[in-house]
Every structure is written in C-alpha cells, then in structure tokens.
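Notes follow the structure.
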Amino acid sequence: MKRYLTLFLVLVLVGTLFSGVIAAQEDKFGGNLNIGITTDPDSLNPFISNDRIGSWILNNIYPTLMVMNENAVKVPYIADKINTSDDGTQVVVKLKEGLEWQDGTPLTSADVKFTGEILYEEKLQWQADVFDEVESVETPDELTVVYNLKRPYPGFIGTFGFWQRIVPKHIFSEIENIREFTNKNPVGLGPFQLVEFKRGQYYTLESVDEWFDSPEGRPYLNKVTFRVYPDVNTMVLALQRGEIDLTAKDIPRSQAKQLEQDPNFEVVQTPSLGFVYMGFNYNNKFLDDIKLRQAIATGVDREKIIGMALQGDGRLIDTGISPVYEEYVNPEAKLPEYSPQGAKAILSQAGYEDTDGNGIVNDPESGEDVVLEMIYDGNDIYLKKTAQILAENYKDIGLRLNLKPLEKSTYSDLLFNQKKFDVNLGGWGIIDEASDSMYTLYHSTAYLNFMSLESDRLDRYMENARFASNKEVMMDNLYAFQQEFVREMPVVTLYVQDYNFAYSNDFGGFTVYPSDLKGLVDPQSLSGVYKK
Amino acid sequence: MTNYIIKRIIRGIITLLIAVSVTFLILRFMPGDPTTIMLDPRMNEAARARLLKEFGLDKSLIVQYFLYIRQLLKGDLGYSFIYRTPVTQVILSRLPWTLLLMGLTQVVTMLIGIPLGVIAGYRKGTLLDHLINAFTIFGISVFIPWLGITLLYFFGYRIPIFPIGGAYTPGVEGITYLKDVFMHLVLPVLTLTLIYLANYVLYMRASMVDVLSEDYIRTARSKGVTENTVVWKHAVRNALIPTVTMAGLLLGRMVSGAVLTETIFSFPGVGRMIYEAVGQQDFPVLQGAFLILAISVIAMNILTDLIYAYLDPRVQLN
C-alpha cells in the first residue's frame, strides 16, 4: 500500500513538473510589449519615410529583400537566395515561397520590380540612384527577379535590398500621388501589422498568424505599442515605472549605468554603423599641407576621447571603414600612434617653428600663426566633450584650435552648402556598402566631399572598388584605398560609438542588431520576443 | 460700442498681418533650410532641388511670401514638410489637448492664485505675506523641465501615483478613459500652475493693497460693515479688474510654458508640436501654429478690453 502511495505521489510530482514545463512553453505566446520612441515617424508611407523612427515601425510592417545579421553582414530576408553572375553584371533574386501580403495577396516578383521602378521614376529616396546602373529588369517567373546591370556594380543589391522596403503593387499602383500618400491603413508583409495610431501618442501593431522568421512560426507577442516620449529622461522614467518595456532610442551612459544596477532591467550595447571624424578643409591656407594634417592626426589622443568623452562607450576606427565591417578593413592601414612628440617632430621637419615665441607655431611660407577653427553641432554632448579634448591635443603640439559650436542647421549649412570652415567635427550615422560609400564620401566629384579632397589615386581606387567585377578586385582596391587614406589624411576618423539600449526583464528573446537604426527593434529581434 | 468693436477688430487684423509677416521672415532667416535637416545627406543634388521645388522653397523670398499670404486668404495653412499632411489637420489633432491643459491650468491657477493674493494683500507685511511671496517667486523662477522631471520622479516613479507620459494609456475605454486622462493631466497642470501662480498672486496682492487704501473702503468700514464683507465684497471685486486683464494677456505667455511642459510630460499638444517642428524646420507647421497663437492672443486682448470696459465704468469707449 505504502509503495503504491509513494508511486502515486511520485507520479503526481512528475505530472505537476511536466505540466509546468508545458505551461511555461505555452506561456511564451501572448503579451504586449511597449516601446519608447522619441517622436512620431515622419511618414507611414514606406517609400517616403526617411528617419529612424519610421524605420523602427515600418520595418516591422514592410519587408526588405535583405537584412543585416548581428555581425553587420547583409543576408537575404524575404529573398531566399541572391546570386550575382561571375562577371558581376547580373543579379538574380529568388523570393521565398508562400509569403502573402496582409490582405492575402501573394508576394510576387512583380511587387519587387514595381517597387524599384517607382523608386527610380519618382526619385523617392537616395537609394534610387543605384538604378542608374540598371539596364533592364526581368521577372521570368512569379518568384524571380533578374537585374541586368550596365556594368559590374557590387553595391547595387546591398543598397536596394537592405534599404528599400518592398511594397504591394496591387495597392501602390492605384495611388496617384505617391509623395502625398499618407498610408493610414498599411497593408504590409511583416511579423506585425498596424492596427491603430494616434499621432503624437502611440502606434499599435498586432502580430500576424504566420511569420517565417519567428522561432515557432509566428510572433510570440500579441501586440507591440510604440509610445512617444520626446524627452529621454522621461522615457527612462517610463521604463522604470513600467509604462514601457524597452527603449528604441539609445540612452546616455549615466542612465544606462543606473539601469545596469537594477535587477529588473537588462542593458545591452551595440556599435553604430557610422563613425565620428574630424575633417580638414583643403581650401584652408594651412590645411592643404599634408604634413600638417599628418601631424595633427599624430597628436590626437583617440583613446582619451573614447575614455572621457564617451565614458568608454566607443571603439577605435583606423581607416575610413568601420571595424564593424571587419571583412573589409585593411589590418595594415593604421592611423599614426598617439604621440605629441612625434607630431611636433613632423611639424619641425616640415618647417613649422614658433618664430614669434607666442606658443603657436608659424606657417613656414607665410609666417602666420597656425590657428584653426573647428565647427560642430554644439547640442551633441559627445561632440562637445570630444571638441574640448581635441583643442587640448592641438595646443600640446603647438597649434591652436578655436572651438565654434553651432546650432545643427547652421553647421550643416556651413558644411554642405557654403563649405566655409577650417576643421569640422561630425559623424556619419550609417555607412554601409564599403565599396560604394567611400565613393560617396571622398570622391573628388562627390557632393559629400566638402573637404574638397582631390586625389587621383584615391579616386581611382574608389572607382575601381565601386565597379569591381568580383570581390577580389573590390577588396584589392578597398585595401589600397585605406592604405592611401591614412597617409593622405583628409579626415581623422575618431571613434565608433556604442549605443546603450535597455529592456525590462519581464521579456526575453531579444537579439541586438548593429546601430540605433536596428538595435532591439529590428523585425528579426521583435518576432522572437516573448513575455516571461 | 459698435464703433469701438469695429475699430478694435481692424487694429487686430493689422496686428495679425504684422505677426504673420514677422513669423514668415524669422523662419526664413533661420540658418540653413529644411532640406539640410530632413534630407538624407546621401541624396544627390537633383533630388534635393526637386524637394525644394516641391516645398516651394526654390522661389525668391518675396514670391514665397505673397504665395503664402494668398494661400492664407483662402484659409489654407499649407502642407507640413515632414508629415506631408495639411497643417490644419496636424494642428487640429493637437489643439484639443492643449486647450484642455491650458483651460484647466487657468482655472486652477485662478482658484488658488486669487485667494492667495487677497490674503497676502490684506495681511501685507506679515509672515504669511512673506511666505506666499517667497513661494510664488520660487514658482516663477524655476526651470520648467527641472520642475517637471522632479515631479515625475517623485510622484510618477518613487511614489507611483501618476503616469509618466502621454495623454492616456493606449487601449483604455469608457469611464476608465476619463479617469486615465485626468490622472495624466494632474502633474502637467500642477507644473504650469506653480509656474503661473505668481502672476495672479502678485497682481492680486498689489491691487488689493491699492484698493484697501481707497476712500470707499474706509467709508464701508465706518458704516460698520463687517470686515469679511469689506474685504471680499468691496475690495476684491474692485481689485479683480486688473487681474482679469492679466488673465487675457497671460495666454500668450502660457504657450511658451506649454512647449516645455508638454515635451517633458510627452503630452500630445500644440506646444510639443512646436518643439518638434522647430527641430525639423517644418515651416508650414510653425507658421500655422504661430498664426493660431496670434489670433487667440489678439482675440483675448479684444475680449479683455471689452470685459474691462464692462467692469469698470470709468473706461470711456468713445
């Protein structure tokens, strides 16, 4: 009898445990996630939206052919395979089978072709430019799109595939004026669909029944609500209070530190996909001297900038290409080691001496004091602190750097439109497709080359990389570019910032993707998030 | 009376035209243009030019100005650069929230401020008067974001009574919705009340002091009227006149408070819309917001003048 009782008890115990396990597994489904954002998306039109908030929301509703994985490598997403021909002039995109728009219409190659056509015809976004290199587009079957390029152009599919949200042709072909289309009831194709929004307040998304990228075939969450908190301090309070469970916007170090100590929250870091740099205007009477630029680069204490201005939330970048894109970085190409003595030596060898004894070296030709002025966005606290360290660095090697913090639009105006500055301190938000972006930034004809850099060698390497027929050619030229770049020194790359994001421990399953554009709210992350 | 009203309205329209022109010019003289903020730097020059053209920013300043005035006369406030929707729509969706916040603040501020002012004026020079003065001066000097964050930290997070942000919790309905909206209003209204209290208290105090030394108060007292009646019936009623004027004029000042308060409390009103539009250089939205603001200030001025004339028989209309 006793034995039976024991057996019974054991069975009950096992049963309870087992049902507990089952319950825990089932519990993964359900739950509503609230996410803090700083302002409204500029538009819900997937063609028009061009800001981070728009991406956070819209990329969960509209798909892209490619996404970036955790290591910043672009991989197919709704595309099953993407192949480039050996000569680099044909790109074949094969879509995943069985995907449907949220109104039940199947996704076809016609949608992808249409998206590219409208993008290019209407010049809706900067990425429309890559279609300049497209000769023709074919759709041999329902799931295949073939892009015939005028010449090899490795940046084409990474740019179009990663940046352009695909739209349903059957809806967008009916829209008369795409630019003014506000898209209040989006029919998308993603892990979530928009069900309600109130501008200035919130955007509520509901999960779909089937999603290929979710661990169990559909998102665990029922609802995702993006709530607007314009002030980052308030947003962190809302997180602590439990009004939101996660911040889409990155939070400053001081607050990250506080949340790290709180057992209810998890703080994760992810690198920016851009970088911060100090740029030299070649039209400045001093700065066209390569020796001066090299001396300044040698005198810049980048470790100190990362340690003090960023409080450790950053990493070094040596060439024009961020270490985040590891495979493209030439390990031989390095900025000079920090050495004020070395910098002074370069200056005196080049004839810069303090002839009038006022503590500032004089230009060997004109005899003038080498005094430079640096412009930057004065509202950016990281740049503000970085600027102060740079001014000290200049002083230590006998130069003078006057700081000129500006309001952001004034800064942009001086830089882009007037090109009136000596030195600028600025950053690029996202630089992807190394082969293409170096060209957009540093080619002598590039709009963003406000330094007025003109180097035949650099131009050649950038052109060759940009239109390389295969990866080997591209890599050779990118390597050569980087080697020459750190010698020519049109800009001194300073750091790649690490962003902090925080989420509540009530939820699990997050994956952090590079940059503040993706972070924890990338669709690949949200489609696997569950309430504990 | 009719003549007076017509004259005031004509003057109002002229003021409005000046306000509209100044707003237009100030925005255009801001450095840079909206494309430097909104356009992706990677966009090429042709695309940039196309967008400028679309916004009408490629034309000369004079042409832009007259086009804008013509548009206004048709009752059209234009299209938001950022949201690509009519400005009227953008503003109308935000306006009710601001009216609610402002209205409630006005009422609360008056209900607290006027009695405090009366007491301070009546007890001039006493400790109570000094305390009231110190308190209100503190309120007027404090930096709104600091006050807002402090209140949020204590009453939203430390002692979690009130919500942190927004106008209501997404998804609530019915009677809970009303309660939710109320709870979301408490801290912003409290912040604005603390800031604006001084205006009422100090005005009311000053005019109480003046009024209490008037002959008719002495007459009332010597007639044997009770002290309570003297203060609340004879003195307060007369002392209220300048305060009413101030209430009207305060409206313009309150908007600046709304910009900061609504931003800190994530409140979806016009103030926060202005804050966001400045950052994005969304000219049409800013022009629309300032136009509405100018209209309401001018209307309030006319209204105050009329009320003033009605309250104070010494004001001659013609």
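The values are calculated or read from the model by the stated rules, or taken from the named source; none is laboratory data. What you are looking at is a predicted structure, and each value in this text was computed from that prediction instead of being measured. Glycine gets a Cβ as well: all are built from the backbone with ideal geometry, and neighbour counts include every protein chain shown. We work out accessible area using only protein heavy atoms, side chains counted, and drop any ligands, DNA or RNA first. Shrake-Rupley method; radii C 1.70, N 1.55, O 1.52, S 1.80 Å.
Counting only residues that are over 24 Å from the mean Cα position of the chain (by Cα) and not in a strand (DSSP E or B), how many does the stretch A:411-438 have?
7
From the list A:Tyr282, A:Tyr229, A:Tyr220, which residue is in contact (Cβ under 8 Å) with a residue 24 or more places away in the chain, of a type in the set (Ser, Thr, Tyr) and open to solvent by 10 Å² or more (accessible area, probe 1.4 Å)?
A:Tyr282
Specify the residue that is modelled with the lowest pLDDT; the eligible residues are those in the stretch A:399-447 that are of a type in the set (Lys, Arg) and more than 30 Å from A:Glu463 (Cβ to Cβ).
Step by step, filter the stretch A:399-447, then rank; the result is A:Lys408.
Here is a check on your reading of the model: is A:Phe131 more than 19 Å from A:Ile53 (Cα to Cα) and touching a residue at least 24 places away in the same chain (Cβ under 8 Å)?
Details: more than 19 Å from A:Ile53 (Cα to Cα): yes; touching a residue at least 24 places away in the same chain (Cβ under 8 Å): yes.
Judged against the criteria, A:Phe131 is a match.
So which residues in the stretch A:147-157 are crowded, with 17+ Cβ neighbours inside 10 Å and more than 14 Å from every other protein chain (Cβ to nearest Cβ), if there are any at all?
Within the stretch A:147-157, the first condition is being crowded, with 17+ Cβ neighbours inside 10 Å, and the residues that meet it are A:147, A:149, A:152-157.
Within the stretch A:147-157, A:Tyr147, A:Leu149, A:Pro152, A:Tyr153, A:Pro154, A:Phe156, A:Ile157 meet the criteria.
Does A:Glu100 count as in contact with a strand residue (DSSP E or B) (Cβ under 7 Å, 6 or more places away or on another chain) and among the acidic types (Asp, Glu)? Can you show your working first?
Values: in contact with a strand residue (DSSP E or B) (Cβ under 7 Å, 6 or more places away or on another chain): yes; among the acidic types (Asp, Glu): yes.
Criteria met by A:Glu100.
Keeping to the stretch B:118-138, report how many residues are aliphatic (A, V, I, L, M) and surrounded by 15 or more Cβ atoms within 10 Å (Cβ to Cβ).
4
Tell me the helices (runs of 4 or more DSSP H) entirely within the stretch A:193-312 that contain at least 2 residues that are under 30 Å from A:Ser455 (Cβ atoms) and out of contact with any strand residue (DSSP E or B) (no Cβ under 8 Å at 6 or more places or on another chain).
In the stretch A:193-312, the matching helices (runs of 4 or more DSSP H) lie at A:290-299.
Using beta carbons and a limit of 6 Å, which pairs, at least six apart or on different chains, have the first residue in the stretch B:148-175 and in contact (Cβ under 8 Å) with a residue 24 or more places away in the chain and more than 7 Å from chain A (Cβ to nearest Cβ) and the second one open to solvent by 20 Å² or more (accessible area, probe 1.4 Å) and of a type in the set (D, E, K, R)?
Final answer for the pair search is none.
Listed here are the residues, each with its yes/no results for (1) of a type outside the set (D, E, K, R); (2) in contact (Cβ under 8 Å) with a residue 12 or more places away in the chain; (3) closer than 16 Å to A:Glu327 by Cα.
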residue: A:Leu458; (1), (2), (3): yes, yes, no
residue: A:Ala465; (1), (2), (3): yes, yes, yes
residue: A:Asp498; (1), (2), (3): no, yes, no
residue: A:Gly508; (1), (2), (3): yes, yes, no
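Just a yes or no: is a residue in the stretch B:87-107 within 14 Å of chain A (Cβ to nearest Cβ), in contact with an Asp or Glu (Cβ under 6 Å, 6 or more places away or on another chain), in contact (Cβ under 8 Å) with a residue 12 or more places away in the chain and farther than 30 Å from B:Leu197 by Cβ?
No: the stretch B:87-107 contains no residue that is within 14 Å of chain A (Cβ to nearest Cβ), in contact with an Asp or Glu (Cβ under 6 Å, 6 or more places away or on another chain), in contact (Cβ under 8 Å) with a residue 12 or more places away in the chain and farther than 30 Å from B:Leu197 by Cβ.
How many of the residues making up the stretch A:55-84 are within 18 Å of A:Thr159 (Cβ to Cβ) and over 13 Å from the mean Cα position of the chain (by Cα)?
15
Tell me, which helices (runs of 4 or more DSSP H) wholly within the stretch B:188-287 include 3 or more residues that are open to solvent by 10 Å² or more (accessible area, probe 1.4 Å) and more than 14 Å from chain A (Cβ to nearest Cβ)? Give the steps one after another, and end with the answer.
On the way: elements: B:215-222, B:236-264, B:270-280.
Output list reads B:215-222, B:236-264.
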